[in-house]
Amino acid sequence: DPAYALELLGWKTRFSLEDMCRDQWAWQSGNPDGYPQRQSKSA
């Protein structure tokens, strides 16, 4: 329940748990290997 965070910290959620789960699922589905590997800079 985010009400305690609002009371204690003055922090209010912008997204519901359903929104966050849907967005995470969409990202993971579109990026099954996660973030791309960084290319190391060779000297």
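Any read-out appearing in this document is the output of simple, stated calculations on the displayed coordinates, not a laboratory observation. None of the values given here were measured: they were computed from a predicted structure. Ideal geometry is used to build each Cβ from the backbone, glycine not excepted, and the neighbour counts take in all protein chains shown.
In the set (i) 1.02; (ii) 1.08; (iii) 1.29, which value of Rg/Rh (Cα atoms, Kirkwood Rh) was calculated from the structure you see?
(iii)
Run the helix sum for the chain: -39,500 (n - 2.57) per DSSP H stretch of 4+ residues, divided by residue count, reported at 222 nm to the nearest 500 deg cm²/dmol. Walk me through the intermediate numbers first.
On the way: 2 runs with 21 residues, N = 43.
Calculated at 222 nm, the ellipticity per residue is -14500 deg cm²/dmol.
Which whole-Hz ³J(HN,Hα) couplings does region 23-29 yield from phi under the Karplus relation 6.51 cos²θ - 1.76 cosθ + 1.60, θ = phi - 60°, glycine and proline marked x?
5, 5, 4, 5, 5, 5, 5
State, to one decimal in nm, how far the label point of S42 lies from the label point of S16, with both points 7 Å from Cα in the Cβ direction.
5.2
Within a 10 angstrom radius of the beta carbon, how do D33, D23 rank from fewest other beta carbons to most?
On the way: D33 6, D23 11.
So the ranking, lowest neighbour count to highest, is D33, D23.
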